[in-house]
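Peer 1: Take a look at this one; I'll ask things after.
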Amino acid sequence: MSLTRLLSMITRTGTMTEPVADAPIEIREGFVPPACLRGSAQVRHVDAGSCNGCEIELGAAFGPVYDAERFGARLVASPRHADVVTVAGVVTQNMVEPLLNTIDATPNPRVIISIGDCTRGCGVFAGSYAVAGSVDDFAEVDVHVTGCPPAPEAIIAALRAVTRR
Amino acid sequence: MIDSVVVIVVHLVFALAITPVLIGVMRTVRARLEGRVGGGIVQPWRDVLKLFAKEPLRAPGSSPVLTWAPLLLMASSLVLCALIPLVSTLPLAGVPGELFVVVSVLLLGTVALAMLGLEAGTAFGGMGSSRHMVFTALVEPTVLLSIYALSVPAGTSALAAIVRSRRDDLSTLLNPVSILAIAALIVVVIAETGRLPVDNPATHLELTMVHEAMILESGGRDLGWLEFGSWLRLTALLGLTVNLAVPWAVAGDASWTALLVGVAATTVKLVAAAALLAAVEVFLAKLRLFRVPELLAGSFVLAFLSVSASYLVF
Ligand code: SF4
């Protein structure tokens, strides 16, 4: 694409971000978001065995329309840099250890968010021989986002429950 | 003596205060051009303050390098900010502001980062370190040569004196020597601070990382020092470049009015340069790794031409 076309596209498009709508999320009883995470939370995502529907919505939540960055959330490349671990999908046999390792590698205080119906009761994958259990069986989930797949608004609401912005 | 202390304190406070804002400006400019709102210009402040509040998590069996390298990087960046004429060109009493001292302090931070990358023993860390050292080996000679070219008319290699003589004698600003040297310096600053097209600071792909690959294993407070330290390097190098390119209103002594004007002027210059850098980055893709040495060799040629030309012009 030529420079002038790119420039005209940028000026034509302007800002795409829309105001957020409220969406229901389930917060663990007694969960208090850590004080130091106010206004800033780095997110590491783990796909423990999802169908990738949740990942597409998570990608949309960080895209121009929903823009989770305006609430202080940012995706990072290493669990060591993260404050929030988001998990999507059922936990497959092969992903039990990587999931637990990722959570262990995240410095305290950390928050665990589970995304999608799969993470509660395994959804359509329940009973499969490849499935070791749901996220709740392996870690204490602080915030749960319902839906299959959940709307980006709900993912944003979950992140805002941590950053409180 | 008192003047020097005042200038150093002003430099440090200025650098510490402005650096996260600069990063915030760069991220916001990028976000706006991408059609997003972005986190706002104080978001980097929130990020580092949060990192300092978190416990560092170090892998069992890791050596003290994991603890010390971030502090060494931060310390070297602070020394860099104190020595570089960001706000005032007052020659510091008892502290050498020579070009060679500044470059070696820069190198100290680079080595700390490279050691940290090797420390974890992961493939990506070592890869990041080796790439970083390759870039450094190509970047340092260019820094030396391009500033050396600018030092010829000033007759000294002390950075403060070079900036001062350029401010007082505006005829040295617009000539081939100066333009070539500044162009070389801009490429070098981009490479040294890991911006596009040399390194992508927002990448999530380990194979394309340079700077990020080295800090993958640090978390919490350690990461806070690393982030702040590398941001300070950006401020210092960008500040040096803008003050060499447009040296107006840089303070010449340690009087309050001069310092105030200097702080205001440098803030404006730095914010403008950072916004410009971020805007240009939107239009660039990361270069293939094997093309980066060509870019850096090109900047070395510019610096070399500038040194050669300085013997013809002056
Ligand atoms: S919740 Fe639905 S969209 Fe998400 S991983 Fe499970 S099946 Fe896929």
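Peer 1: For segment B:13-122, what does the relative contact order come out to in percent, with C-alpha contacts under 8 Å and a separation of six or more?
Peer 2: With pairs under 8 Å counted, the relative contact order is 25 percent.
Peer 1: Counting only protein heavy atoms and a 1.4 Å probe, tell me what percentage of segment B:165-239's accessible area is made up of carbon and sulfur. Mind showing how you got there, number by number?
Peer 2: On the way: 1530 of 2340 Å².
Percent of accessible area from carbon and sulfur atoms in segment B:165-239: 65.
Peer 1: Just the Cα atoms of segment A:39-163, one point each, no solvent: what log10 I(q)/I(0) does Debye give at q = 0.12, 0.15, 0.19 Å⁻¹?
Peer 2: Results for segment A:39-163 at q = 0.12, 0.15, 0.19 Å⁻¹ read -0.38, -0.60, -0.97.
Peer 1: I would also like to ask the following. Debye sum, Cα scatterers, segment B:27-163, no solvent: what log₁₀ I/I(0) at q = 0.11, 0.13, 0.19, 0.21 1/Å?
Peer 2: -0.62, -0.83, -1.15, -1.17
Peer 1: Compute for chains A and B the buried accessible surface, both sides summed, probe 1.4 Å, and express it in Å² to the nearest 100.
Peer 2: Buried area between the two chains comes out at roughly 2700 Å².
Peer 1: In addition: Please list A:Y66, B:Y148, A:Y129 from largest to smallest accessible area, probe radius 1.4 Å, with all protein chains kept in place.
Peer 2: Largest to smallest exposure gives the sequence A:Y129, B:Y148, A:Y66.
Peer 1: Provide the solvent-accessible area of B:S230, counting protein heavy atoms only and rolling a 1.4 Å probe, rounded to the nearest 10 Å².
Peer 2: 20 Å²
Peer 1: Hey, got the dipole for segment A:39-163? About the Cα centre, +1 on K and R Cβ, -1 on D and E Cβ, debye to the nearest 20? If you can, show how the numbers build up before the last one.
Peer 2: Working: 7 positive and 14 negative charges, 51 e Å.
For this selection, approximately 240 debye.
Peer 1: Take every Cα-Cα pair in segment B:159-314 and report what % of them are more than 19 Å apart. Intermediate values should be presented prior to the final figure.
Peer 2: Numbers: 7536 of 12090 pairs.
Value for segment B:159-314: 62 percent of Cα pairs lie more than 19 Å apart.
Peer 1: Counting only other chains, and only Cβ atoms inside 10 Å, what mean value do you get across the residues of A:5-11?
Peer 2: The per-residue average across the peptide is 2.
Peer 1: If you filter segment B:231-296 for trypsin sites (Lys or Arg not before Pro), then keep DSSP loop positions with at most 13 other Cβ within 10 Å, what is left?
Peer 2: In loop regions of segment B:231-296 (DSSP not H, G, I, E or B), the sparsely surrounded trypsin sites (Lys or Arg not before Pro) are B:R288.
Peer 1: For A:D136, what accessible surface area do you get with a 1.4 Å probe? Give it in Å², rounded to 10.
Peer 2: 60 Å²
Peer 1: Which semi-axis lengths, in whole Å and largest first, follow from the square roots of five times the eigenvalues of the Cα gyration tensor of segment B:1-43?
Peer 2: Here the semi-axes work out to 33, 7, 4 Å.
Peer 1: Here's another thing I want to ask about it. Per-residue ellipticity at 222 nm for the protein assembly as shown, helices alone: DSSP H runs ≥ 4 residues times -39500 (n - 2.57), over residue total, nearest 500 deg cm²/dmol? Write out the running numbers ahead of the final one.
Peer 2: On the way: 15 runs with 263 residues, N = 479.
The per-residue figure over the protein assembly as shown is -18500 deg cm²/dmol.
Peer 1: Measuring from the lowest to the highest alpha carbon on each principal axis, how far does segment A:88-146 reach, largest first, in angstroms?
Peer 2: Sorted largest first, the three principal extents are 34, 24, 13 Å.
Peer 1: Could you tell me the largest-minus-smallest coordinate of the C-alpha atoms of segment A:18-90 on each of the three principal axes, in descending order and whole angstroms?
Peer 2: 34, 29, 27
Peer 1: Return one quarter of the surface area of the convex hull spanned by the alpha-carbon atoms of the protein assembly as shown, equal to its mean projected area, in nm².
Peer 2: Averaged projected area of the protein assembly as shown's Cα convex hull equals 24.4 nm².
Peer 1: Which whole-number percent gives the relative contact order of chain B, counting Cα pairs below 8 Å spaced six or more residues apart?
Peer 2: After rounding, I find 30 percent.
Peer 1: Which is the longest stretch in chain A that no exposed loop site breaks, taking sites as GluC sites (Glu not before Pro) with a DSSP loop state and at most 10 other Cβ atoms within 10 Å?
Peer 2: Looking at chain A, A:30-139 is the longest stretch - no exposed GluC sites (Glu not before Pro) with at most 10 other Cβ atoms within 10 Å.
The values are calculated or read from the model by the stated rules, or taken from the named source; none is laboratory data. In this text the structure is predicted, and so the values were computed from the model without any measurement. Cβ sites come from the backbone with ideal geometry, for glycine too, and all protein chains shown count toward neighbours. For the accessible areas, the whole protein counts, side chains as well, though only heavy atoms, and no ligand, DNA or RNA atoms are used. Shrake-Rupley method; radii C 1.70, N 1.55, O 1.52, S 1.80 Å.
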